[in-house]
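This report concerns only the one structure given below.
The values are calculated or read from the model by the stated rules, or taken from the named source; none is laboratory data. Computed from a predicted model, the values in this text were never measured in an experiment. Glycine gets a Cβ as well: all are built from the backbone with ideal geometry, and neighbour counts include every protein chain shown.
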Amino acid sequence: MTAEDERRHAPAGAYREVKDSRGRVYRIGETDREILGHSRKLMVYLPWLAMMSISVFEYAYGSAEDTLSSAHGWTQSDTFWILSVWVFFQAGIATPAGWLRERGRLPARRAMFIGSGLALVGFLAISHLHNVAAAILGFGVFGGIGAGLVYATCINMVGKWFPERRGGKTGFVNGGFAYGSVPFIFIFNYLFDTGNYQSWLDAIGCYVLVVVAVCAWFFKDPPKNWWPAHVDPLRGDGRTKNATSLSKNPPAVRQFTPKEAFKSGMLPLMWLLVVMTAGVSIFGISFQVPYAKEVGFGPLVAASSMGVMSVINGIGRGAVGWLSDRWGRKTTLVFVITVLGLAQFGVLWAGTARNEVLFLVFAFISGFGGGAFYPLFAALTPDYFGENYNATNYGIAYSGKLVSGLFGGGLGSMAISAWGYHGAYLLAGGISLVAAAMTLLLRQPGRRRIRDIQPNPQPISREAV
């Protein structure tokens, strides 16, 4: 009897463990409905909604900076450093939160509840606190930790429930973190002023609290090593979309601990690539609207350029996730980072030429490249190192963003002061192209040849108790 036949005839509530020739174990037999009580698709839509709600922190903040500066008496440097500290803690919390999750000390639901409360604190801080240091503590530290807990939990949740097609699903969820901010970008550009800013910020904080908390109520992780009952973990299930994805993105050869992943050399390389690419992305998010205003474009073009960037940033995340299931994660990543670099030169060229149409076109392209690499790293990490330690492994890779937040926001402001927008955009584009070249060095630990990806599985039976 084949492994597929065994799965079909297994009683409800039972599972079997299939071990491949390399020793990796896959837990099969249990359906998503047996574990959750409903389809695992809910573990895509709920994380997506939560990610949309917290997107206002990063992607709409640049549109609120002028009003915040006027209301509180802050300088441009003050507002940029508030965002930079937020980025630092939003990315930095991923590793310790992942470590706690994998040891059962911070369940997904609890992490989301804590994140929702801290997110509210962040918006109340920039709404009511005039002191820059207090705003940095409230929005940058507490708000950053809250958003980071939600972000990391949502990304890991969808990756665990869709191990056979994580690229497209992760990209879809990650996309919400960008285009969810679009309504707020226009609110901050057209309705937000020094007379009503507190009411808007308080209302937005409550909105984030409610959406995240409601989504959190239904969060639940699958068992370790879980694999969909209808999908052979190495050969797919006969459906083209699964077979192609597993062929282009074979499962990790085993479950790597963070120490083992680091020693492979691939996790440090991923971290460095995140530092470089996220820095360029954050630079674009922080300075595209100010640059548009600097060259004389009106508020509609400035707001529209950021709105276009956010929409395409989000849609691009879903699109490249789907594409990576067909092209392969590494190939798609090289393409995306190259596009990000070239887009920086395009934005500069359009601004220098005072061409509003070209500016919006390159804002479109920059938005695509500036977000699309995030779900690729999120999917690439468990592809290389397995799912069991992914919360920590991905947390380490994603923590590169905490460094990039410093030079993408705060140090980006210093670069503009020293060299102007022209020099800063040239530097950003160059950094991205170097990162694209370095991406070619990525390889899956323990696997050298594509033809090695389908060894015959050796089933080992175990019935659930």
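Each residue in segment 423-446 was checked for being of a type in the set (S, T, N, Q) and either assigned to a helix (DSSP H, G or I) or farther than 16 Å from T332 by Cα (or both), and 2 of them qualify. Restricting L124, L137, L149, L83 to those that are buried (at least 23 other Cβ atoms within 10 Å of the Cβ) and over 25 Å from A379 (Cα atoms) reduces the list to L83.
For segment 94-119, filtered to residues that are over 18 Å from F218 (Cα atoms) and modelled with pLDDT of 95 or more, the residue that is surrounded by the most Cβ atoms within 10 Å (Cβ to Cβ) is A119.
For segment 232-257, a residue qualifies if it is surrounded by fewer than 19 Cβ atoms within 10 Å (Cβ to Cβ), modelled with pLDDT under 70 and not polar (S, T, N, Q), and the qualifying residues are R235, D237, G238, R239, K241, A243. Among the residues that make up segment 279-296, is at least one of them modelled with pLDDT of 80 or more, assigned to a helix (DSSP H, G or I), aliphatic (A, V, I, L, M) and more than 20 Å from R166 (Cβ to Cβ)? So far as segment 279-296 goes, yes, one or more of its residues are modelled with pLDDT of 80 or more, assigned to a helix (DSSP H, G or I), aliphatic (A, V, I, L, M) and more than 20 Å from R166 (Cβ to Cβ). Just one of the numbered conditions (1) in a helix (DSSP H, G or I); (2) under 20 Å from the mean Cα position of the chain (by Cα) is not true of E387: (1).
Mind counting the residues in segment 156-170 that are touching a Phe, Trp or Tyr at 6+ places or on another chain (Cβ under 7 Å) and either in a loop (DSSP other than H, G, I, E, B) or modelled with pLDDT of 85 or more (or both)? So the answer is 4.
Starting from residues that are aliphatic (A, V, I, L, M) and over 15 Å from the mean Cα position of the chain (by Cα), keep the ones in segment 47-78 and report whichever is nearest to G171 (Cα to Cα). Selected residue: A60.
Yes/no per residue for (1) aliphatic (A, V, I, L, M); (2) farther than 22 Å from K263 by Cβ; (3) touching a Leu at 6+ places or on another chain (Cβ under 8 Å):
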| site | (1), (2), (3) |
| --- | --- |
| E387 | no, no, no |
| L411 | yes, yes, no |
| A418 | yes, yes, no |
| H422 | no, yes, yes |
| G430 | no, yes, no |
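A Cβ distance below 7 Å, combined with a sequence gap of six or more or placement on separate chains, defines the contacts here; from segment 64-93, residues that are among the acidic types (D, E) and modelled with pLDDT of 85 or more reach residues that are surrounded by 24 or more Cβ atoms within 10 Å (Cβ to Cβ) and in a helix (DSSP H, G or I) in the pairs E65/T79.
For beta carbons closer than 9 Å, sequence separation of 6+ or different chains, a first residue in segment 167-196 that is free of Cβ contacts under 8 Å to residues at least 12 places away in the same chain and a second that is of a type outside the set (A, V, I, L, M), the qualifying pairs are L191/W200. In segment 33-73, of all residues being part of a helix (DSSP H, G or I) and of a type in the set (D, E, K, R), the one that is nearest to A111 (Cα to Cα) corresponds to E58.
Filtering segment 171-195 to residues that are of a type in the set (A, V, I, L, M), in a helix (DSSP H, G or I) and surrounded by fewer than 24 Cβ atoms within 10 Å (Cβ to Cβ) leaves V182, I187. In this structure, I187 qualifies as touching a Phe, Trp or Tyr at 6+ places or on another chain (Cβ under 8 Å), farther than 30 Å from D232 by Cα and among the aliphatic types (A, V, I, L, M). For segment 104-141, the tally of residues that are within 13 Å of I54 (Cβ to Cβ) and not in a helix (DSSP H, G or I) stands at 0.
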